[in-house]
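All remarks here apply to the structure that follows.
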Amino acid sequence: IEVAEIEERAAAAQPAAAVGLAAIFAAFLRIGITSFGGGTDAWIYRDIVRRRHWLGDAEFLAGVALARIMPGSGGVNLTIQIGQRLRGAAGALAAGLDLLAGPLALVLALAAGYARIAGNDTVHAVLDGVAAAAIGLTFATGLRLVPRGAGGAGGLAVTLATVLAVGVLRWPMLPVILALAPASIALALARAKRRGGRHA
């Protein structure tokens, strides 16, 4: 039964040569628009391997491995490989452009919409409120991750210094990181040393 299932999957993945550029265009345009925020590999697997059967599992996994060791975005690398496998250079070009065209069009539309309402004081007030809420949530999450007890006081001090320097004083991020990262690393090493001394 397993051999028959493997042969059936291989046969299902064989018609790759018959895939048209229009089908590639539609598939990768849809993936590009729906995979906002990452996870492109999973969207490609679901749409190209499971739904359309254009590739088999082994081919897809080999493509993912190769895409991750190549420079650049893994999702774009994988898309170009699949497009090349399906229709050669034209397929690679179509798949790569389609994956990026949808998000680009959406971002440009949002930017154009924002440019039209950018001068509105109400919109600025709403965006300031959203930004404040996001900063508050980030800070609250950071506080929950700070260890309790004496060992956590140093981490809390670094967190507060970061918020003060970047959020209040508006200092550039890079100098703040360069100044506070060594202190944070030193605190973490001291905490690990104390922990190791307790277990000894």
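Please treat every number below as a calculation from the coordinates, not as lab data. Model, not experiment: these values are computed from the prediction. Neighbour counts run over all protein chains shown; Cβ positions are idealised from the backbone, glycine included.
For the listed peptides 18-31, 163-176, a ranking on the average number of other beta carbons within 10 Å per residue, highest first, reads 18-31, 163-176.
Note on Ala132/Ala111: beta-carbon distance plugged into 1/(1 + (r/R0)^6) with R0 of 30 Å gives a FRET efficiency of 0.85. Give the distance, in whole Å, between the Cα centre of the range 97-115 and the Cα centre of the range 158-192. Each part's Cα centre sits 35 Å from the other's. Please label the shape of the range 75-192 as rounded, prolate or oblate, based on the square roots a ≥ b ≥ c of the eigenvalues of the alpha-carbon gyration tensor (a/c under 1.5 means rounded; beyond that, a/b larger than b/c means prolate, else oblate). The shape class here is oblate. The base-10 log of I(q)/I(0) for the range 26-136, evaluated at q = 0.16, 0.19, 0.20, 0.23 Å⁻¹, reads -0.74, -0.91, -0.97, -1.22 [Debye formula, identical scatterers on Cα atoms, solvent excluded].
For the range 73-194, the relative contact order is 11 percent, taking Cα pairs closer than 8 Å that sit 6 or more residues apart in sequence and dividing their mean separation by the residue count. Full extension of the segment from Ala153 to Thr141, taken as 0.36 nm per residue of separation minus the current Cα-Cα distance, would add 2.7 nm. Judged by the mean number of other Cβ atoms found within 10 Å, the most tightly packed of the peptides 128-138, 47-57 leads the ranking 47-57, 128-138. If we count every other residue with Cβ under 13 angstrom of Ala23's Cβ, Lys/Arg +1 and Asp/Glu -1, where does the sum land? So the environment of Ala23 carries a net charge of +2.
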